[in-house]
Every structure is written in C-alpha cells, then in structure tokens.
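Below is one structure, written out as structure tokens; comments come after it.
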Ligand code: NAD
C-alpha cells in the first residue's frame, strides 16, 4: 500500500509519444504514488521538445521529450518504463544496468539477442519483462497452464489473437506467452511444438502441436483466446482488452514494484504476487 507521506516514485519514460507512452503519462497523472521525471522519443519525431503534459491534454508538466537516451537518467529516476521497440529496449536495459536503475520492458517481438540483453542487465538491476501488463492476462496464463494439466491428453490447443492494424509483430507477445504457459502445462518446449502460420497443403494437424492464428485490423486493443478442441467438446478461455489504459496501469504498477526490487529478471506474475 502507498504511504501518503512518502515521495512519489520517479519514473523515466522512453517512447513518450507512442500509443503506450501517452497512456502511461495519463496513468501516472492519475496516480499520486508516481511521477514522470524524464521522457524521450526517437530523434527527428515531431514531438521532440514538447511537454508531455501538454501533449496529452493534462496541462504543463515541466518534462519535455528529449531525443537521446542519456536524458532518461536526468532527474535521477528510480525506474524506467519502456514500451518502444526491441533493439531500443535492449539498449535501454544495458544503460539501466550500467547505472543500477530498474527497468520495465513491455515491448514485444524481442529476438534472442534482445532477450539475452535483458538477462545480462538483470544481473545488475531489476528487469521486469512483461509482454502483457494487464492483470487479466497475467491470470489467464495461470488458468491456461492449469487447464492443460487438468484436461490431460487428447486435446488440440489453438491460440487466436487480434490486434489493431498498426501492430508490427505477430503472433503477439501475449499469444506467445500463453503458448509458453500451455507448453509448460504439457512439460514440453514451445519451440518444439509451435505451429505458426499455416498456408497451402499443410498436411494434417500434428498431435501435440500448439497452433497460432493472427488477425489484424482497425483499432482492436488486444484479444486473445486459448481454445482446447476435444472430441465433441471445446473449451475456450478468452481475454479482451477494451482500453489500453489496463496495460498502462499495469506498467505503472510494475514500475513502482521494480523501483524497490533487487537485481533479477521478473515477470508480471512477480509484480502481482
Ligand atoms: P508505438 O509505435 O505507438 O510507440 C513506440 C514509441 O517508441 C514511438 O513513439 C517511437 O517513436 C518510440 N521510439 C522509437 N525509437 C525510440 C528511441 N530510440 N528512444 C525512445 N523512443 C523511441 O507503439 P505502442 O503501441 O506504444 O507499443 C510499443 C510496444 O509495446 C510494442 O512492442 C507493443 O507490442 C508493446 N505493447 C505491450 C503491451 C504490454 O502490455 N506489455 C501493451 C501494448 C503494447
């Protein structure tokens, strides 16, 4: 619980003019436990030099968007909240490790090199890596793992997701995390059983495969279903995010938690437990 007498936790916000960056700015404005002390975005973008409060219709905040990563560390932040792109997040994690500043990485689509960078940074500072910061999806992962164990053999698992048309990675980080949860429930590695993208003469479905299907369009915030197909019956577990604010509030919660955490690699499950 927050202590009304304590100072707000100082947060740094790269990607401040992005969809999530703006939403996190609004979430922090509504939360007296946190304050944004620095903000950046990529060089050349029109929002560089703008005040993050004014940009979001919140009134002047005194924090302007800088175009270089070093600026994140002005104002002595207690945590960085990063929803940018995979290479940028990996670079920020490295900088945070050098300075001992915790970081929350919400960016999805990370490759092996980026993930390796997070593991390295986690040796020196707290890194919360979460493909989905909503409370509902975090719970969904546990539900899926439990369902896989309870259902046992003979069920075909398919994961279906839908997102807005601007999303650049597929399947979503959340769909992959749900796939990992299902694979854990079966005691297998997702990479060995994932079936990503069927097209043409694919042959019959392999027993034990975990299939992924992806839809993109409009302004869908994020929808995920894990479907278990049995003989003459079907179990579906679905989460629908209606407002990006659910991710933003979760990200702020993760930032507050990370600010007080020891070095290590953590997930949203750790934040909520
Ligand atoms: P976006 O493109 O709207 O925002 C990304 C921002 O990062 C942009 O403003 C971009 O200019 C900025 N950026 C790029 N290079 C930068 C740099 N060098 N320094 C600072 N900023 C830089 O995208 P978005 O919809 O906000 O999503 C961002 C990421 O977060 C994506 O990977 C998305 O999948 C992920 N996401 C995660 C969750 C979650 O719950 N974890 C929820 C939504 C989105």
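Values quoted throughout were computed directly from the atomic coordinates according to the rules given, and no laboratory measurement underlies them. Source: prediction; values computed, not measured.
So here's what we get for this one:
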| item | result |
| --- | --- |
| Extension gain, residue 169 back to residue 153 (0.36 nm per residue minus Cα-Cα distance, nm) | 2.6 nm |
| Nearest-ten-degree value, helix 86-99 long axis tilted from longest Cα axis of the chain | 50 |
| C-alpha long axis of helix 245-259 to longest principal axis of the chain, angle in ° | 70 |
| Taking the convex hull of Cα positions in the stretch 135-241, its mean projected area over all directions (nm²) | 7.1 |
| The chain, helix-only ellipticity at 222 nm - DSSP H runs n ≥ 4, -39,500 (n - 2.57), divided by all residues, nearest 500 | -10500 deg cm²/dmol |
| Theoretical gain in end-to-end length, residue 260 to residue 87 [0.36 nm per residue, Cα-Cα removed] | 59.7 nm |
| Centroid-to-centroid separation of the stretch 79-110 and the stretch 4-44 [C-alpha atoms, Å] | 14 |
| Helix axis angle, 135-151 relative to the chain longest principal axis, alpha carbon, degrees | 20 |
| Gain in span if fully extended, residue 201 to residue 245, counting 0.36 nm per residue against the direct Cα distance | 11.7 nm |
| Choice from 151, 190, 110 with maximal GNM fluctuation in the chain (Cα, 10 Å cutoff) | 151 |
| Share, in percent, of DSSP beta bridges within the chain that are antiparallel, nearest 5 | 35 |
| The stretch 1-146 - share of DSSP beta bridges that are antiparallel (%, nearest 5) | 5 |
| Rg/Rg_ref, the chain, where Rg_ref = 2.2 N^0.38 Å and atoms are Cα | 1.05 |
